Every structure is written in structure tokens, then in C-alpha cells.
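A.B. asks: Have a look at the structure that comes next, please.
The values are calculated or read from the model by the stated rules, or taken from the named source; none is laboratory data. Since the model is a prediction, treat every value here as computed from it, not as a measurement. Here the Cβ positions follow ideal geometry from the backbone for every residue, glycine too, while neighbour counts run over all protein chains shown.
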Amino acid sequence: MMNTDNLIIVIGSGTMGRGIAQVALSHGFRVHLVDSVQSQRELAHKSISQGIGRALENGQVSPEGTLNWSERLTMGPDWHSLKPSWVIEAIPESMDLKGPLFTKLDEEFGESVWLASNTSSIALTAIQGMATRFPHRVGGLHFFNPVPRMALVEVIAGMATAPNFVSAAHDLVKGWGKEPVTVPDRPGFLVNRVARPYYLEALRMVEEGVVDYADCDRIFEGAGFPMGPFRLMDLVGIDVNFSVSQSVFEQTFYDPRYRPHALQQNKIWLGHLGRKSKRGFYSYE
Amino acid sequence: MSDMIAVFGPGTLGPIIQRHTSKEVHFWGNDPQQGPDPLLIIDATLGPVPIKRDRLRWVAEQYPQTLILTASSTVLLATQRRWITNPERMIGFDPWLMQIDARVLTVADDGEWRLFHREMLSQIFSGWQWQKIADQVGAVFARVIAPLVNESMAYVSMGITHEDINQAVKLGLNHPKGPLQWTEVFGISQVGLVLQAMHRGMGERFLPHPLIQRQMAEEGVNLDA
């Protein structure tokens, strides 16, 4: 039986973790946010407070849902003795970090606690393989950045995930005002996989001299895309985009469709990562 | 020469083109027709290549002075120019951008985008910007959209619904349409023709998904048919 006390443990207080915590807190849930670094927890608290304030001002969340949110938020370096209904992991994208974490979570929490990873690129079945006691209660909840504004959540079932994980995940995120879509556990899941040509073919066209990057953006923006591929790579981070392509490429056993592009690698070497470094394909000085 | 624009290709194009010009637009359906010399002929068909070639040869002989805007996303403009007399009057374009009434349309022309061509298109049409690109199959827009559709077919074959795929891509990526909604606009076989052309010219990664190949076979559509 699932625990029904509405407590969610979120592990990792970076951009994604704090976003997930903010959304849960905005819908009446209790949240325990885990991060080993105190200064990170303090930053997360500030960010959540500002985020909820803005969302209230803009009418994106209800006053009832956010009522007493700060009393429902606890933070700490660990989760011991808590009894959550869900644990959502949002730590950096590294199997070396996620694998041991899921082994520990699987050992410490009873079978009724759902364990979810917010991974964007690591195979769920590989994570399940690290939770050998009850792998069927492990699955993926892939939120998109910025979490409070992006409606989509990919619900990922690994090879051993129980069907009721999927239905519980849908119920959870629908209750948070999100749109869940169940996707298979294949490299890149659905969105990041289908999106690859948008970036990779654009990069190849520039290299081949078919079009330059600014004109390429102009063509796609003229066709209704909010951002052309190069402006979007600058926003997301050229390094982040490159690492997703690299991950999909490796996990598909080097399928040439997903081969990362040298132009991105060169930009990374130069530190031209996009908006965050004030220079990517465009300059933001 | 009359003051009329003749179009053959997808049926949705006629009204879209008419919205951008004060000239009279004659929609010829899939086949060119006899009549007074048009000011401009638009061939928006992608293939099959032998049929496209025969139609263009016929058009070029019938209307030896008329400027021709031809879809070059499946056959290079350079190739098509070898099919006709007075080849310098032919300009390549991507009909998909015209079909969705995009703000910027891509054109392929000689190394230097001919001033005469540019001025003529700007005079005939209002509200469209013309962007010159290199002459390459896939052009720019179709080169990205066709592989997006191809990728999504793997999910269709796994039982994911069209609705879920479209919803995920629109919400997750802010694309104006989901990948399967593009196929509703262009037709899945037309997507297959673009993929076939790119597969031939640019490599294995554009091989059409088996579901697209099956659909093309059922409709009897093939680039070389």
C-alpha cells in the first residue's frame, strides 16, 4: 500500500530539484529537499520562495495550493526516518552518482515507496539494475526546465517497472497541473530523441555551407518555431545539448543519426557555451 | 505573356499563394495545362523524379520564356536545369515552407542569387521574404522536418499514440506542430520522398522508417517510380 501522507522527498537541490519541490509545494504537498551542501539548500529555499511568489502574482498557482508552503518544506543533508510516498532523485546526470544512490534508497525504503529518477538521458533499466530488492517500484519522471513553467513530464517505465508505477506517476503529476506522457525506456526517451535532427542537421547544414546559422534560425522562426536551432542551443547551453547527443549516440551503439557535431565540440573547447557564458553562436556581451 | 501564375502540386497551395499576390493564380492540379503564357509557373511536386522531369520538359517546351519556380528539395536544381531549355529561368524552392505559409521561403539559384529573379519574386508576392540557400536536396526546412517525422515513427511502431507523440514534442520542445501533425500537412509519402532523396544523396541516416516505406508502397509512391 502506498503511503498517503503527501510527503515527497526530492534529492538534489539544483535547478531541477528545486523546481520539482516548488511545484509540489504549490499543490499542497509536503517536501523534504535533500542536499549535502548547506549553502545550496539556502539558495534553493530562496529560489523556491521567489518562484512561488512570482507564480502567485501571475495567477499561475492558487493561494490555497501554496498556503503555508514554507511550513511544509524541510531541508537537510539526508532523509533518514522519513516516510514519503515518493522519492524523486534530481542529482547530476552521472550513473556513478545515481547508481549507488538508488541502491541505498532501495535498501532504506519499503516496497510501498515509489522511487523516481528525473534523469534526462540515463537508461531507467540501468538504474533499476542498481535497486535489486524492489526494482518494479523504480521508474522515471523526466521534468523539463524550467519545471514550474513546462507542462510536460515524461513518465518512463524501465524493463522491470510495474504498471502501477506508471498510473501512480500519472496521478501524481496530473495533480501538479502537469501533462504526463508515458514513453519507452530508449536512449533520449522520446522528446530528446525526436529533437536530435533539429540540432544535428542544422549543425551539419552550416558546416556544409547550405546556410549560415543566423539565416537557418530565421527560416525556422519564420515557420513558427519560437527559436531557431542555434538560438535554442545557446539558450539550453551548447555543452548540455552536446552531452545529450553524445549520450544518445553512445547508448544507441553509435548510430550515425545521433553523431555529435565537431562544431559544438569546438565551441565547448573555447568556452563558448551560449548565453550562460555570454557567447555561443551569438554574442551576448 | 499573361499576368497569371500557374501552380501544380498540392491542392492547399493555390489559396495560400493567392493570399500573397494580386496576380491571378491558376491551380493546375497535378499536371500542367495548355493556355496563355503564364508570368510564373510553380512546380511544387517532389516526385517521382521521372514524372517530375517529364512534366517540366513539357512545361519548358510549351512555355519557353516563362520563369519556373520548382521544388528542389528532392532533386537538385542543377539536375533539373539539365532537363529543360533556357535553364537559367529556373529557380529552386522548398514547397513545404510555402505550404505552411512561412514568413521566409528558401530558394536555390546560381552562385549569385540573380537580381532579376529576386526582384521578380518580390514584385509578384507580398509578405514573403526570400532566403537564398545552397542547392542541396532537403533544402533547409525539409531536411530537419523529415527526420523528425522519421524518428517519431519508431515510437508509433512501439504503440505510442500519435496524440501522445505530438503532445510530448509540442510541450517539451515548443514546436509549432508535433511530428505527426507535419505529416497531416505534407502527406507521409511526401515525407518519404524527401527522406529517400536525402538517403541517396547524404547517407544512411535518412533511410525512411519501415512504416513510411510501407505507406509509400501502399500509395505506389517512389522517388524512382
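A.B. asks: Please verify whether segment A:117-128 includes one or more residues that are among the aliphatic types (A, V, I, L, M) and either farther than 30 Å from A:F242 by Cα or assigned to a loop (DSSP other than H, G, I, E, B) (or both).
C.D. replies: Taking every residue of segment A:117-128 in turn, at least one turns out to be among the aliphatic types (A, V, I, L, M) and either farther than 30 Å from A:F242 by Cα or assigned to a loop (DSSP other than H, G, I, E, B) (or both).
A.B. asks: Next up: Among the residues in segment B:172-184, are any outside any strand (DSSP E or B), among the hydrophobic types (A, V, I, L, M, F, W, C) and at the interface with chain A (Cβ under 7 Å from one of its Cβ atoms)?
C.D. replies: Looking for residues that are outside any strand (DSSP E or B), among the hydrophobic types (A, V, I, L, M, F, W, C) and at the interface with chain A (Cβ under 7 Å from one of its Cβ atoms), one finds at least one in segment B:172-184, hence yes.
A.B. asks: Scan A:V87, A:V113, A:V61 and give me the residue that is in contact with a Gly (Cβ under 9 Å, 6 or more places away or on another chain) and either surrounded by 14 or more Cβ atoms within 10 Å (Cβ to Cβ) or within 27 Å of A:V191 (Cα to Cα) (or both).
C.D. replies: Selected residue: A:V61, the only one of A:V87, A:V113, A:V61 that is in contact with a Gly (Cβ under 9 Å, 6 or more places away or on another chain) and either surrounded by 14 or more Cβ atoms within 10 Å (Cβ to Cβ) or within 27 Å of A:V191 (Cα to Cα) (or both).
A.B. asks: Please state which one of B:T70, B:T66, B:T45 is crowded, with 24+ Cβ neighbours inside 10 Å, closer than 25 Å to B:Q131 by Cβ and among the hydroxyl-bearing types (S, T, Y).
C.D. replies: Going through B:T70, B:T66, B:T45 in turn, just one is crowded, with 24+ Cβ neighbours inside 10 Å, closer than 25 Å to B:Q131 by Cβ and among the hydroxyl-bearing types (S, T, Y): B:T70.
A.B. asks: Related question: Sort through B:V191, B:V137 and tell me the only one that's closer than 21 Å to B:L77 by Cα, more than 7 Å from every other protein chain (Cβ to nearest Cβ) and in a helix (DSSP H, G or I).
C.D. replies: B:V191
A.B. asks: With the requirement that a residue be under 18 Å from B:D94 (Cα atoms) and assigned to a helix (DSSP H, G or I), what does segment A:214-230 give you?
C.D. replies: A:D215, A:C216, A:D217, A:R218, A:I219, A:F220, A:E221, A:G222
A.B. asks: Test A:S13 against the stated conditions and say whether it is in the same structural domain as A:V173 (by TED's automatic domain parsing) and either in contact with a Ser or Thr (Cβ under 8 Å, 6 or more places away or on another chain) or more than 26 Å from A:D171 (Cβ to Cβ) (or both). Full working, then the answer.
C.D. replies: Working: in the same structural domain as A:V173 (by TED's automatic domain parsing): yes; either in contact with a Ser or Thr (Cβ under 8 Å, 6 or more places away or on another chain) or more than 26 Å from A:D171 (Cβ to Cβ) (or both): no.
No, not satisfied.
A.B. asks: Kindly indicate which of B:R205, B:R214 is of a type in the set (D, E, K, R), in a helix (DSSP H, G or I) and within 10 Å of another protein chain (Cβ to nearest Cβ).
C.D. replies: Details: B:R214 fails: within 10 Å of another protein chain (Cβ to nearest Cβ).
None of the other options fit; the residue is B:R205.
A.B. asks: Only residues that are under 23 Å from A:V61 (Cβ atoms), in contact (Cβ under 8 Å) with a residue 24 or more places away in the chain and out of contact with any Asp or Glu (no Cβ under 9 Å at 6 or more places or on another chain): list them for segment A:169-209, please.
C.D. replies: A:A169, A:L172, A:G175, A:W176, A:G177, A:K178, A:E179
A.B. asks: Given the conditions (1) under 24 Å from B:L193 (Cα atoms); (2) free of Cβ contacts under 8 Å to residues at least 40 places away in the same chain; (3) of a type in the set (A, V, I, L, M, F, W, C), and given that B:W113 satisfies all but one, which numbered condition is not satisfied?
C.D. replies: (1)
A.B. asks: Ok, one more. Going by the conditions given, is A:P226 within 9 Å of chain B (Cβ to nearest Cβ) and either modelled with pLDDT under 95 or touching an Asp or Glu at 6+ places or on another chain (Cβ under 7 Å) (or both)?
C.D. replies: no
A.B. asks: Going through segment B:140-150 one residue at a time, which ones are within 7 Å of chain A (Cβ to nearest Cβ) and among the β-branched types (V, I, T)?
C.D. replies: Scanning segment B:140-150 gives B:V140, B:V144.
A.B. asks: Among the numbered criteria (1) assigned to a loop (DSSP other than H, G, I, E, B); (2) touching a residue at least 12 places away in the same chain (Cβ under 8 Å); (3) more than 18 Å from B:A154 (Cβ to Cβ); (4) more than 12 Å from every other protein chain (Cβ to nearest Cβ), which single criterion is violated by A:G110?
C.D. replies: (2)
A.B. asks: Look at segment A:15-32 and say how many of its residues are within 16 Å of the chain's Cα centre (by Cα) and either modelled with pLDDT of 95 or more or hydrophobic (A, V, I, L, M, F, W, C) (or both).
C.D. replies: Of the residues in that region, 9 qualify.
A.B. asks: Still on this structure: In segment B:176-222, how many are β-branched (V, I, T) and touching a residue at least 60 places away in the same chain (Cβ under 8 Å)?
C.D. replies: 4
A.B. asks: Checking the condition buried (at least 17 other Cβ atoms within 10 Å of the Cβ), farther than 21 Å from A:M130 by Cα and more than 9 Å from chain B (Cβ to nearest Cβ), which residue from A:P180, A:P197 passes?
C.D. replies: A:P180
A.B. asks: Next question, about the same structure. Take the residues in segment A:39-75 that are basic (K, R) and more than 18 Å from A:W176 (Cβ to Cβ); name whichever of them is farthest from the chain's Cα centre (by Cα).
C.D. replies: Looking at residues that are basic (K, R) and more than 18 Å from A:W176 (Cβ to Cβ), I get A:K46.
A.B. asks: Continuing with this model, one more query. Do we find a residue being assigned to a loop (DSSP other than H, G, I, E, B), crowded, with 17+ Cβ neighbours inside 10 Å, modelled with pLDDT of 95 or more and not assigned by TED's automatic domain parsing to the domain that holds B:P48 anywhere in segment B:141-155?
C.D. replies: No, segment B:141-155 contains no residue that is assigned to a loop (DSSP other than H, G, I, E, B), crowded, with 17+ Cβ neighbours inside 10 Å, modelled with pLDDT of 95 or more and not assigned by TED's automatic domain parsing to the domain that holds B:P48.
A.B. asks: Determine which single condition A:V37 fails, assuming it passes every other condition in (1) surrounded by 14 or more Cβ atoms within 10 Å (Cβ to Cβ); (2) within 21 Å of A:L82 (Cβ to Cβ); (3) among the β-branched types (V, I, T).
C.D. replies: The failed condition is (1).
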